[in-house]
Each structure stands twice: as structure tokens, then as C-alpha cells.
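Undergrad: Just dropping this structure here.
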Amino acid sequence: MKEGKIILDKGKFQLTLERLSHQVIENHGDFENTCIIGIQERGVLLAERIIALIKKNHKKAKFQYGKLDITFYRDDFRRRDTPLSPSSTELDFLIEGKRVILIDDVLYTGRTIQAALSALQDFGRPLQVELLTLVNRRFNRHLPIKADYTGINVDSLDEAYVKVEWNDEHPEDRILFFSADKKKQ
Amino acid sequence: MNQQLSTKHLLGIKYITKEDIELIFHTADNFKEVINRPIKKVPSLRDVTVANLFFENSTRTRISFELAEKRLSADVVNFSAAASSVKKGETLLDTVNNILSMKVDMVVMRHPAPGAPQFLADRIDANIINAGDGTHEHPTQALLDAYSMREQLGNLKGKKIAIIGDIKHSRVALSNIYCLKKLGAKVVVCGPPTLIQKHISTLGVDVSYNLRETLEWADVANVLRIQLERQDIQYIPSLREYSQYYGINRALLDSLKNVPVIMHPGPINRGVELSSDVADSEHSIILQQVENGVANRMAVLYLLASREKLK
């Protein structure tokens, strides 16, 4: 595989996460009525990092945290070539009347978020839902969905591919960009 | 892990692989979480229509399938032979073709004739799920049984499972044997000699006629009822005598050094194969089996549906 182009290196990656956590703290104060939900699987990695930073930067912050799997809510069931395998949902609280921060790593077509919003309905009626994403691919939306907190904006052709690498499974945190002809992982 | 079943139909455990079983269990884990939520429903099968064709009586399996279908948001058509044109002399193929021309995608069928689901699978273009065919197989029961055992014991490789009762007439026994052997468990069948097939050891199971020894050995005892409705001749002198030799009661359980987990696919004949105090005891997981039945059937329906592209 050819190396992708690094669009966010280790140092800037950490800065971006810090900024996102501060923006969340700014909007949610003591998090009294807020819960954070990471979308399985890669959104959970981001959510856990953001949560660690919120706790470090704001000792008083107390909130519920859950993981949401959206496989059963996808709109491409029986339409895609290979079926997807579900991950676990670990959400042991209701979101009725709460402010929800939904976290995913890349916002692309918006269909994952649409599925997540329908999945959330099964856990109650939230007061508000916000979206936090590390990469926002602005030119490729299929649905009227936008992020409230964005790490980095990437404007590229549909065929290009953006990959977030985390230091738990890769040598270091970084975001790579693969142009159309090199997109295969 | 595989993401797709190797087969278009679930006709029996004999015809699926170990990987298929593991994929079904993995998917069922996630559906179990869904059915324990306040809102127990996902939209996955909203464009799928399922026909439940029951040519033989059923309570548990039928309700379980119907719940599984509804919790996946499928449209459901119910059919029972007692209230249908079957009584007027219609053939199985005609009945099913008529139902299919109403645009049904999947068929869940229970039928008294062994092989009836295979017959349909060869002739019609829908996913077929066998919900019990005569004395042949009852695959979803075996899946939920093995899933429940796995919850109690972890990986079933090398675990000791006893199947006790009327083995000869039981499709649950046969499907259980195929499933448990594929997962690497050791299986012993136990019952009166007349109710165990002569060559059953060719399936890789051991045979015992001694209930106490079998229970001492086993990690799990899956207890089956005597299927009087399938017995054309007298296989045992009386139910009372059967119960004396092969019924499990509290006194027997209390006298064991090792008490196995007690399972039963239902319906229980209380006082025959299990006494009431055993069926309701702390060793029994009969009601967990029922809950796991819905999750496993959801997994099977979901995985079979996911193989088909929207038409």
C-alpha cells in the first residue's frame, strides 16, 4: 500500500482533541444534564479520548457515557454487497430530556449519523443532540446533517479516502489522506 | 469472523458450519441487548415480509418467531393448518406458492413431515427457516439451547452435555447433537433403550441407560418430554414407570455430588420427566432459554435477510 498524505500529525492531533474538549466544556458547564455517546466502533475511540480530556481539564464534570451500535438501523441493509457485522451497544441509561453529545470519527455522507439519530429514539426523547467529529468531509454530504464540533475540515473528491489512526492500534495518532487512485487500505 | 451465513436457508444444523453457528451467536448477543431495552425494536427488516406456516401445533416456537419478526420490524403473516385450505385437500406446494404470490420474502415453517422445508427450498424462491419438521430437525431450538449453555459454561469445547428422554422421536435431540458436536462438546444421550435409535453412536455421541450416572457426569442436562403423539407403538410400559427410572426429582438432584444445569425445550410434562420443584429450582434455566430463543431467532432472520438484495 502507498503511504497516504498526513493531514494531521501527532502534535496537531493532540491540540485538536484539546480544543474539542474545551469547546464541549464551554457549552456544557458542569455537564449536569449531558450525556456522551460514542458510535461503534471508531467513534468510541474518539469519545474515550475526548472524555479523558474533559475529565482532566474540568474536574467537576460528571456525565453518563454510552456506546451505540447503529448496524441494525442502517439504511443500506439488503442493499450493500457484503453484510456488516454488529458491535455491542452499551447504553444503560435513558436519554429522555437530556442533552446528548454524539461522537464519530469521520462525518462523510451523513448516513451513519442519520442511523444513529433513529437509534437514539429508542432510548427516549432527548432535549438536544449535538455532533462532535474529528474529520468533516464537507463536499460529500447526502443528507442535511452538520457537525457542532469539528476537528478538521477536508474538502476532496468522493473517491478519496480519509483514515484516522489511533495510537492504541498504530504507532501514533494521525490522520491520513489517500487520493482517489490510492484509496485502498 | 465471517459476516455472512454459508447458506440461504436454515433447514437444519447438519447443513450449516461451525462458523455459521458462531456468527449467529455473535449477532444474537447484540439482539439480546436490544430486547432488554425499554423500546425493544429495531428497523432492520422493515421491507421484509415473513410468513409463519404452522402445519403442526406450537405455542412457544410460534410466539417466539413472531416476536422476533416484529422486533425486527418485519411484516408478518400467520398461517395455521387447522384454519386453512389444507383441510380442503390443497398440496403443500400449492399452499405455499399461493402465499408467495402475495410477495413473501421469508417462510418459517413447521411441518409434521421430515424434509418438508427441504422440499420447499428446492422449489420456491424465498428464505426457508425450519421451525421443526417431524422427527428430523428443529435448528433454532438447538441454537438457543447451545447459546444458553454457552452463557452458563463459556466455550462449549470439551463440555459435558447430557440429552435425556425420548431421543428417538425428538427433533430437538437430533439438532442438539449436530450443534453441540460442531461446537466441540461431549454428548451423552440417556433414556430407555426403546427410545434411543440403535445406531445413534455414529453421530459421535455416547449412550447411557443410567440416569444417575449420567447426571453425575454432566455439566448440563437437557431434558426432553416423551412424545406420545409420535409413538405408533408402545415403547415404554407406562409414564409412571418411565418417571420412576428417568424422571428427575429433587431427592435425586440433592443426592448428587455434582448437580448439572437443568434445561428443557418445553412443553414440560411436570411430574414425568421433571418434577415441579426441579423445573422451578435454582438449577433450572428454562425461562432463560425462552428469552434466548427470541434473540437467536432474530439473529437467524436478520442474517438470512442480509444475504438477499432488495428486489
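The values are calculated or read from the model by the stated rules, or taken from the named source; none is laboratory data. All figures in this text were calculated on a predicted structure; none of them were measured in a lab. Virtual Cβ from ideal backbone geometry, glycine too; neighbours counted across all protein chains shown.
Undergrad: Scan region B:37-58 for residues that are among the β-branched types (Val, Ile, Thr) and either in a strand (DSSP E or B) or within 23 Å of the chain's Cα centre (by Cα) (or both) and report the count.
TA: As a first pass, look at region B:37-58 and keep what is among the β-branched types (Val, Ile, Thr): B:39, B:42, B:48-50.
Now narrow it down to the ones that are either in a strand (DSSP E or B) or within 23 Å of the chain's Cα centre (by Cα) (or both): B:49-50.
Residues flagged as among the β-branched types (Val, Ile, Thr) and either in a strand (DSSP E or B) or within 23 Å of the chain's Cα centre (by Cα) (or both) within region B:37-58 amount to 2.
Undergrad: Mind checking whether some residue in region B:59-78 is aromatic (Phe, Trp, Tyr), part of a strand (DSSP E or B) and touching a Leu at 6+ places or on another chain (Cβ under 9 Å)?
TA: Taking region B:59-78 first, the residues aromatic (Phe, Trp, Tyr) are B:65.
When the remaining residues are screened for being part of a strand (DSSP E or B), the result is none.
Within region B:59-78 (the criterion being aromatic (Phe, Trp, Tyr), part of a strand (DSSP E or B) and touching a Leu at 6+ places or on another chain (Cβ under 9 Å)), the answer is no, since none of the residues qualifies.
Undergrad: Condition test on B:Leu23, is it within 14 Å of chain A (Cβ to nearest Cβ), buried (at least 17 other Cβ atoms within 10 Å of the Cβ) and of a type outside the set (S, T, N, Q)? Please lay out each step first, then the result.
TA: Details: within 14 Å of chain A (Cβ to nearest Cβ): yes; buried (at least 17 other Cβ atoms within 10 Å of the Cβ): yes; of a type outside the set (S, T, N, Q): yes.
For B:Leu23, the condition - within 14 Å of chain A (Cβ to nearest Cβ), buried (at least 17 other Cβ atoms within 10 Å of the Cβ) and of a type outside the set (S, T, N, Q) - is met.
Undergrad: Kindly provide the set of residues from region B:184-209 that are part of a loop (DSSP other than H, G, I, E, B) and within 25 Å of B:Gln152 (Cα to Cα), ordered by number.
TA: In the first step, residues of region B:184-209 are kept if they are part of a loop (DSSP other than H, G, I, E, B); the result is B:184-185, B:191-192, B:196-199, B:204-205, B:209.
The answer is B:Gly184, B:Ala185, B:Gly191, B:Gly204, B:Val205.
Undergrad: Okay, moving on. Out of (1) within 18 Å of A:Gly151 (Cα to Cα); (2) in contact with a Gly (Cβ under 8 Å, 6 or more places away or on another chain); (3) surrounded by fewer than 21 Cβ atoms within 10 Å (Cβ to Cβ), what's the single condition that is false for A:Gly110?
TA: (2)
Undergrad: Testing B:Glu137 on (1) more than 20 Å from the chain's Cα centre (by Cα); (2) over 30 Å from A:Arg80 (Cα atoms), one condition comes back false. Which one is that?
TA: It is condition (1) that B:Glu137 fails.
Undergrad: Look through B:Arg46, B:Arg60, B:Arg37 and report the one residue that is surrounded by fewer than 17 Cβ atoms within 10 Å (Cβ to Cβ), of a type in the set (Lys, Arg) and free of Cβ contacts under 8 Å to residues at least 24 places away in the same chain. Don't jump to the end; show me each part of the working.
TA: Details: B:Arg46 fails: free of Cβ contacts under 8 Å to residues at least 24 places away in the same chain; B:Arg60 fails: free of Cβ contacts under 8 Å to residues at least 24 places away in the same chain.
None of the other options fit; the residue is B:Arg37.
Undergrad: Mind counting the residues in region B:246-289 that are among the hydroxyl-bearing types (Ser, Thr, Tyr), surrounded by 12 or more Cβ atoms within 10 Å (Cβ to Cβ) and more than 13 Å from B:Asp166 (Cβ to Cβ)? Break it down stepwise before answering.
TA: Start the filter on region B:246-289 by keeping residues that are among the hydroxyl-bearing types (Ser, Thr, Tyr), which leaves B:246, B:255, B:275-276, B:281, B:284.
Now drop any that are not surrounded by 12 or more Cβ atoms within 10 Å (Cβ to Cβ), which leaves B:246, B:275-276, B:281, B:284.
The next check asks that each one be more than 13 Å from B:Asp166 (Cβ to Cβ); those that pass are B:275-276, B:281, B:284.
Qualifying residue count, region B:246-289: 4.
Undergrad: A follow-up question, please. Regarding A:Thr112, is this residue touching a Phe, Trp or Tyr at 6+ places or on another chain (Cβ under 9 Å), of a type in the set (Ser, Thr, Tyr) and within 16 Å of A:Gly43 (Cβ to Cβ)? Steps first, answer last, please.
TA: Numbers: touching a Phe, Trp or Tyr at 6+ places or on another chain (Cβ under 9 Å): no; of a type in the set (Ser, Thr, Tyr): yes; within 16 Å of A:Gly43 (Cβ to Cβ): yes.
No; evaluated as a whole, the condition is false for this residue.
Undergrad: Next question, about the same structure. Suppose we filter region A:1-55 for residues that are touching a Lys or Arg at 6+ places or on another chain (Cβ under 8 Å), basic (Lys, Arg) and closer than 29 Å to A:Phe72 by Cβ; how many remain?
TA: Here the count works out to 0.
Undergrad: Here is a further query. Within region A:125-137, track down each residue that is more than 12 Å from the chain's Cα centre (by Cα) and within 14 Å of A:Ile7 (Cβ to Cβ). Spell out how you get there, then give the answer.
TA: Taking region A:125-137 and keeping what is more than 12 Å from the chain's Cα centre (by Cα), we get A:125-129, A:137.
Passing the criteria: only A:Arg137.
Undergrad: Can you run down the residue pairs with Cβ atoms below 6 Å, 6 or more apart or on separate chains, where the first is in region B:186-206 and over 14 Å from B:His169 (Cα atoms) and the partner is of a type in the set (Asp, Glu)?
TA: Final answer for the pair search is B:Val188/B:Asp206.
Undergrad: Same structure again: For region B:110-124, check the following and say yes or no: at least one residue is more than 30 Å from B:Asn258 (Cβ to Cβ), in a strand (DSSP E or B) and touching a residue at least 12 places away in the same chain (Cβ under 8 Å). Working first, answer last.
TA: Quick first cut of region B:110-124, residues more than 30 Å from B:Asn258 (Cβ to Cβ) only: B:110-124.
With the extra rule that they be in a strand (DSSP E or B), the set shrinks to B:110-111.
Now restrict to residues that are touching a residue at least 12 places away in the same chain (Cβ under 8 Å): B:110-111.
Yes: one or more hits.
Undergrad: Going through B:Phe65, B:Phe31 one at a time, which residue ends up being among the aromatic types (Phe, Trp, Tyr), more than 10 Å from chain A (Cβ to nearest Cβ) and in contact (Cβ under 8 Å) with a residue 24 or more places away in the chain? Before the answer, list the steps.
TA: Values: B:Phe31 fails: more than 10 Å from chain A (Cβ to nearest Cβ).
Testing whether each residue is among the aromatic types (Phe, Trp, Tyr), more than 10 Å from chain A (Cβ to nearest Cβ) and in contact (Cβ under 8 Å) with a residue 24 or more places away in the chain leaves just B:Phe65.
Undergrad: Looking at region A:110-128, which of its residues are within 12 Å of chain B (Cβ to nearest Cβ), more than 30 Å from A:Ser156 (Cβ to Cβ) and not acidic (Asp, Glu)?
TA: If the condition is that a residue be within 12 Å of chain B (Cβ to nearest Cβ), more than 30 Å from A:Ser156 (Cβ to Cβ) and not acidic (Asp, Glu), then A:Gln121, A:Phe123, A:Gly124, A:Arg125 are the ones that fit.
Undergrad: Next up: Just to be sure I understand, how many residues within region A:153-171 are crowded, with 16+ Cβ neighbours inside 10 Å and within 17 Å of the chain's Cα centre (by Cα)?
TA: The initial filter retains those residues of region A:153-171 that are crowded, with 16+ Cβ neighbours inside 10 Å, namely A:154, A:156, A:160-166.
Among the residues that remain, those that are also within 17 Å of the chain's Cα centre (by Cα) are: A:154, A:161-166.
Total meeting the criteria: 7.
Undergrad: For residues that are in contact with a helix residue (DSSP H, G or I) (Cβ under 9 Å, 6 or more places away or on another chain) and part of a loop (DSSP other than H, G, I, E, B), tally how many sit in region B:155-181.
TA: 8
Undergrad: Would you check if A:Pro171 is in a loop (DSSP other than H, G, I, E, B), free of Cβ contacts under 8 Å to residues at least 12 places away in the same chain and out of contact with any His (no Cβ under 6 Å at 6 or more places or on another chain)?
TA: Details: in a loop (DSSP other than H, G, I, E, B): yes; free of Cβ contacts under 8 Å to residues at least 12 places away in the same chain: yes; out of contact with any His (no Cβ under 6 Å at 6 or more places or on another chain): yes.
Here the answer is yes, as A:Pro171 does meet what is asked.
Undergrad: While we're on this one: Go through the residues of region B:276-296 one by one and say whether even a single one is among the small types (Gly, Ala, Ser), in contact with a strand residue (DSSP E or B) (Cβ under 7 Å, 6 or more places away or on another chain) and closer than 30 Å to B:Lys70 by Cα.
TA: yes
For every residue, the table says whether it meets (1) modelled with pLDDT of 95 or more; (2) among the aliphatic types (A, V, I, L, M).
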position	(1), (2)
A:Leu91	no, yes
A:Ala116	yes, yes
A:Arg137	no, no
A:Asp173	no, no
A:Lys182	no, no
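Undergrad: Could I ask something else about it? Among the listed residues B:Ser6, B:Ser73, B:Ser80, which satisfies the condition of being under 22 Å from B:His136 (Cα atoms), surrounded by fewer than 17 Cβ atoms within 10 Å (Cβ to Cβ) and within 14 Å of chain A (Cβ to nearest Cβ)? Before the answer, list the steps.
TA: On the way: B:Ser73 fails: under 22 Å from B:His136 (Cα atoms); B:Ser80 fails: within 14 Å of chain A (Cβ to nearest Cβ).
On inspection, the qualifying residue turns out to be B:Ser6.
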